[in-house]
Amino acid sequence: MAIKRVGILVGGGPAPGTNGVISAVVIEAIKMGCTPVGFHDGFEWLAERYTDEQHEMTIDEVSRIHLDGGSVLGTSRTDITRDQESTDNAVAALRKLGIEALVTVGGDDLVRSSAAVERASGGAVRVVQVPKSIDNDLSLPLSVATLGFETARHVGVQLVKRLMEDAKTTGRWYLGVTMGRPTGHLTLGIGKAASATCTIIPEEFRRERVSLSDICDVVEGSIVKRRAMGRPHGVVLLAEALVERFDPDEVAELQDVDRDVQGNIRVAEIDLGRKVKSEVQARLERRGIKVTLVDKTIGYELRCAPPIPIDAEYARDLGYAAFRHLHAGGSGTMVTIQGGEFRGVPFGDVLDPETGRGRQRPVDVDTESYQVARDYMVRIGRKDFDDEAWVAKLADAAGLAKDEFVARFGSQP
């Protein structure tokens with residue numbers, strides 16, 4: 001079923017490859033005799049029924065933006081399902097502008113609004129969403145990455161490589177707190193590819209709550225083991241999502257911490273790196289061990305990076321598939337590319353019926369892929385207690401008597 005006017009908007013945080021999707025949709029729409037309309041700042045203005053924050057897009061405007069970072073249309077986290085008026089306003093504005101179909105580009109926060117447009121318009125506005133997120137956390141088939149993840153990981157690896165070289169040169173430790181919530185995909189992806197000394201993600205703790213002490217135990221153990229190996233330096237990566245698993249009573253800041261418009265804790269407001277650094281340093285200093293730890297946030301540098309080739313190509317595939325699906329009469333679908341072919345995932349399969357938000361895909365810590373990551377980390381584990389001589393060496397590196405060391409670290413998985 002041919003369409004005359006198609007809207008394009010971006011929601012959520014920036015992610016590499018977004019401009020490539022916009023470019024592909026615009027080019028394909030014009031080729032098919034359809035007018036592409038770009039909406040500025042996601043659903044922000046549509047939720048107020050404004051119809052002037054948009055413009056008709058041209059091929060000249062988008063022909064070379066596919067390798068640029070950021071989003072030429074801007075983005076926002078506005079959720080039109082926050083109240084019925086916002087939903088009605090958005091649909092009314094789209095209908096007034098003659099929009100028959102809409103391509104949204106975003107992650108788990110946006111899918112709720114995408115589905116609401118289709119539902120509230122009674123199907124008069126057909127909607128598809130392109131899965132965009134550096135967090136790689138949308139509940140899609142395991143082999144399908146979200147757009148932007150690979151570039152964010154690539155940039156993150158370059159940063160961690162430099163930290164690793166600095167750590168080696170100066171004999172210090174870096175604690176890198178990596179963006180990505182509420183899962184550990186990005187942190188683990190960076191840590192595994194860069195071969196960071198140790199990477200800690202929330203999924204490895206098989207319980208609802210994680211304490212600051214739990215994290216410090218792992219970091220301290222990693223430092224001790226490296227000392228026993230004769231290497232007094234390293235880089236530990238911590239997923240910022242660990243904060244969301246803390247008990248609010250333990251971290252006072254969580255009581256009044258800022259939240260975004262979606263209700264999510266602004267985890268960047270919790271200085272996880274500083275807290276871990278202070279606690280681990282204090283533990284070691286009490287035993288006469290001097291270690292220099294530096295905390296470093298790795299986050300916003302990743303979001304607007306120019307896409308690497310795999311994301312640039314992926315973005316073009318997704319944008320092309322999104323428009324073609326709409327033009328053929330499709331709707332209510334998350335666009336994916338599997339095995340080089342378009343495969344639509346219905347919104348109903350992506351939405352969580354309890355929260356109404358997009359389902360999230362945690363790191364599967366029972367896979368061989370995760371086990372490889374763990375095996376290449378330097379962490380104290382059960383195998384470290386099989387050799388008495390090695391236990392003695394570890395205890396000496398920890399500044400503890402042998403029995404104290406076993407009691408202190410013997411329960412680490």
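Every read-out reported here was derived from the displayed coordinates using simple, explicitly stated rules and does not represent laboratory data. What you see is a predicted model, and the numbers here were worked out from it, not measured in a lab. A quick note on method: Cβ atoms are made from the backbone with ideal geometry, for glycine too, and the neighbour counts reach across all protein chains shown.
For the chain, what relative contact order do you get, as a whole percent, if you take Cα pairs closer than 8 Å and at least 6 residues apart?
Reported as a whole number, the value is 22 percent.
Going by C-beta contacts inside 10 Å, put Tyr376, Tyr320, Tyr174, Tyr300 in order with the fewest on the left.
The order, fewest Cβ neighbours first, is Tyr300, Tyr376, Tyr320, Tyr174.
Can you give me the C-alpha center-to-center distance between segment 323-393 and segment 51-74, rounded to a whole angstrom?
So the separation of the two Cα centres works out to 31 Å.
Report, in degrees rounded to the nearest 10, the 0 to 90 angle that the Cα long axis of helix 149-170 makes with the longest principal axis of the chain.
For 149-170 against the chain, the angle is about 30 degrees.
What is the fewest-to-most order of His327, His55, His185 by other Cβ atoms lying within 10 Å of their Cβ?
His55, His327, His185
Which of the GluC sites (Glu not before Pro) found in segment 96-178 are in a DSSP loop and have at most 12 neighbouring Cβ atoms, other than their own, within 10 Å?
none
Which of the trypsin sites (Lys or Arg not before Pro) found in segment 48-94 are in a DSSP loop and have at most 16 neighbouring Cβ atoms, other than their own, within 10 Å?
Arg49, Arg64
Once the mean 1/r over all distinct Cα pairs of segment 150-303 is inverted, what Kirkwood radius in angstroms do you read off?
The Cα-based Kirkwood calculation yields 15.7 Å.
Treating only the Cβ atoms of Lys and Arg (+1) and Asp and Glu (-1) as charged, compute the dipole magnitude of the chain about its Cα centre; round to the nearest 20 debye.
980
Can you pick out the pairs among Lys225/Lys296; Lys132/Lys275; Lys225/Lys275 whose Cα atoms lie more than 27 Å from each other?
Distance filter (> 27 Å) returns Lys132/Lys275.
Which aspartates and glutamates have a Cα less than 14 Å from the Cα of Lys383, not counting those fewer than 8 places away in the same chain?
Within the straight-line cut-off, Lys383 pairs with Asp375.
Which of these values of Rg and Dmax of the Cα atoms in Å was calculated from the structure shown: (i) 23.8, 78; (ii) 23.6, 70; (iii) 21.7, 69?
Structure-derived value, by its label: (i).
Sequence-distant or interchain residues sharing an amide H contact under 5 Å with Thr178, placed H: which?
It is Leu238, Ala239, Glu240, Ile298, by chain and number.
Over all pairs of distinct alpha carbons, what does the Kirkwood formula give as the hydrodynamic radius of segment 289-332, in Å?
The Cα-based Kirkwood calculation yields 14.3 Å.
If I build a Gaussian network model for the chain, linking alpha-carbon pairs within less than 10 angstrom, which residue out of Gln84, Gln129, Gln54 has the largest mean-square fluctuation?
Gln84
What ranking of Glu341, Glu301 emerges when the number of other C-beta atoms within 10 Å of each C-beta is taken as an exposure proxy, fewest first?
Glu341, Glu301
When the helix-only estimate is applied to the chain (DSSP H runs of n ≥ 4, each -39,500 (n - 2.57), divided by the residue count), what is the mean residue ellipticity at 222 nm, nearest 500 deg cm²/dmol?
-11500 deg cm²/dmol
Amide H to amide H, which residues 5 or more places from Thr199 or on other chains are under 5 Å from it, using H placed in the peptide plane?
Long-range HN contacts for Thr199: Leu237.
Report, to two decimal places, the Cα Rg of segment 262-413 normalised by 2.2 N^0.38 Å (N = number of residues).
So the Cα radius of gyration is 1.62 times the expected 2.2 N^0.38 Å.
In degrees between 0 and 90, to the nearest 10, how far off the longest principal axis of the chain does helix 110-120 point, with axes built from Cα atoms?
With both axes taken from Cα atoms, the answer is about 30 degrees.
Given a cut-off of under 8 Å on Cα pairs at least six residues apart, what relative contact order in percent is computed for segment 98-151?
Normalised by residue count, the contact order of segment 98-151 is 34 percent.
What angle do you read, to the nearest 10 degrees and between 0 and 90, between the alpha-carbon axis of helix 309-327 and the longest principal axis of the chain?
Long axis of 309-327 versus the principal axis of the chain: about 30 degrees.
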